[in-house]
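J.: Starting off with a structure, shown below.
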Amino acid sequence: MALEPKEAIPILTEVIVSPTPPRPALSPTVERDALVAELQTKIAARTFALTDEVLREAFAAMEAGLFERISAQLRRELPEIIDAALREHLGEERA
């Protein structure tokens, strides 16, 4: 059964784009408020990132300082503590 040209299946040759409905115009106040909210978010994110970086550096510096102070104190005091403990255990009096 042959189809007549009128009955042939149509072939799509052009892209059909459905028109997007236009966005309703925002009032200047709504646009300004949206812009302010976006800027607040960006500023807050950058501020938190900077704060985090500065605090991490500060804590690292404090940790290094504390480590040095504790190490120096242990180097000074441990030999005396060990000497006193050994003499006490061995029954010798310290001169």
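J.: Can you sort Ser18, Ser27 by how many other beta carbons sit within 10 Å, fewest first? Don't jump to the answer; show the numbers that get you there.
T.: Values: Ser18 5, Ser27 9.
Least crowded to most crowded, the residues run Ser18, Ser27.
J.: For segment 37-56 and segment 59-92, what is the centre-to-centre distance using only Cα atoms, to the nearest Å?
T.: When both Cα centres are located, 42 Å separates them.
Here, each number is a calculation from the coordinates, and none is a lab measurement. Keep in mind that this is a model prediction, so the values were computed, not measured. Glycine also receives a Cβ, built like all others from the backbone with ideal geometry; neighbour counts cover every protein chain displayed.
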